[in-house]
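Below is one structure, written out as structure tokens; comments come after it.
The values are calculated or read from the model by the stated rules, or taken from the named source; none is laboratory data. All figures in this text were calculated on a predicted structure; none of them were measured in a lab. Heads up, the Cβs are rebuilt from the backbone with ideal geometry, glycines too, and the neighbour counts pull from every protein chain shown.
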Amino acid sequence: MHRSFVALIVLALAVATMASTSFEVKAKENSISGGSALNTEIPLWPGDRLTVSVDVADYWSAGSGAERLGNADGLTSKSPYTAQGATFLFGTLVGRFGSGPWLKVGTNFDQVLDANVHGEGGRLQFAYWDSNNADNSGEVTAAVEFTRMQVGVFRC
């Protein structure tokens, strides 16, 4: 008596899709206080890799005076500012995914998204970290690269 066994083999294949673009993030219009975050319309999810670069010589301002001029890493001449459950230097370029927590992007961000750190994912947003957008000026250009990991299941 022969028994026939049907073997089901499941293979998971990870395919990376990479894309790049850039965005102008404005200190006044995209401030977390009085402005609105720049929605890039890029959906990102846990497992995707995100790289953001901003030229360290690209400056924006939290008001008048040289001590309020800085790059996307924030103003080292000021104390950190806490809002919406996060604390960063004034003038820091921040980002989030959907309604997840704000994260420091600064001049260099390169991470694989993790649900425990970055939230469940969603559209990438950028903002200027500040308490008052009325006297803000300037913008920085954020160069964005992302690699989406697509997983396919094949049965044979």
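Of all residues in region 92-103, those being free of Cβ contacts under 8 Å to residues at least 24 places away in the same chain and either touching a Ser or Thr at 6+ places or on another chain (Cβ under 8 Å) or of a type in the set (Gly, Ala, Ser) (or both) number 2.
Name the single residue that is nearest to Pro43 (Cα to Cα) among those in region 94-125 being among the hydrophobic types (A, V, I, L, M, F, W, C) and not in a loop (DSSP other than H, G, I, E, B). The extreme case among them is Leu124.
Applying the condition of being at pLDDT 95 or above and aliphatic (A, V, I, L, M) to region 21-49 and asking which residue is farthest from Arg96 (Cα to Cα) yields Ala27.
Taking each residue of region 108-123 that is on the phi > 0 side of the Ramachandran plot and looking for partners that are surrounded by 13 or more Cβ atoms within 10 Å (Cβ to Cβ) and in a strand (DSSP E or B) with beta-carbon atoms closer than 7 Å, six or more apart or interchain, yields Gly119/Phe97; Gly121/Leu44; Gly121/Phe97; Gly122/Pro43; Gly122/Phe97.
Within the span defined as region 75-87, every residue fails to be within 14 Å of Phe126 (Cα to Cα) and in contact with a strand residue (DSSP E or B) (Cβ under 8 Å, 6 or more places away or on another chain).
Residues in region 127-151 that are closer than 18 Å to Ala19 by Cβ and at pLDDT 90 or above: Thr141, Ala142, Ala143, Val144, Glu145, Phe146, Thr147.
Filtered by the rule that a residue be among the polar types (S, T, N, Q) and farther than 26 Å from Ala57 by Cα, region 77-105 gives Gln84, Ser99. Across region 69-118, the qualifying residues are those that are among the polar types (S, T, N, Q) and modelled with pLDDT of 95 or more, and the one among them that is surrounded by the most Cβ atoms within 10 Å (Cβ to Cβ) is Thr92.
All of Leu75, Leu124, Leu69 fail the test of being of a type in the set (A, V, I, L, M, F, W, C), in contact with a Leu (Cβ under 6 Å, 6 or more places away or on another chain) and more than 20 Å from Thr17 (Cα to Cα), apart from Leu75. From Asp135, Asp130, grab the single residue that is acidic (Asp, Glu), in a loop (DSSP other than H, G, I, E, B) and surrounded by fewer than 21 Cβ atoms within 10 Å (Cβ to Cβ). Result of the check over Asp135, Asp130: Asp135. If the condition is being over 24 Å from Ala115 (Cα atoms) and crowded, with 20+ Cβ neighbours inside 10 Å, then region 27-60 contributes Ala27, Asn30, Ser31, Val54, Trp60.
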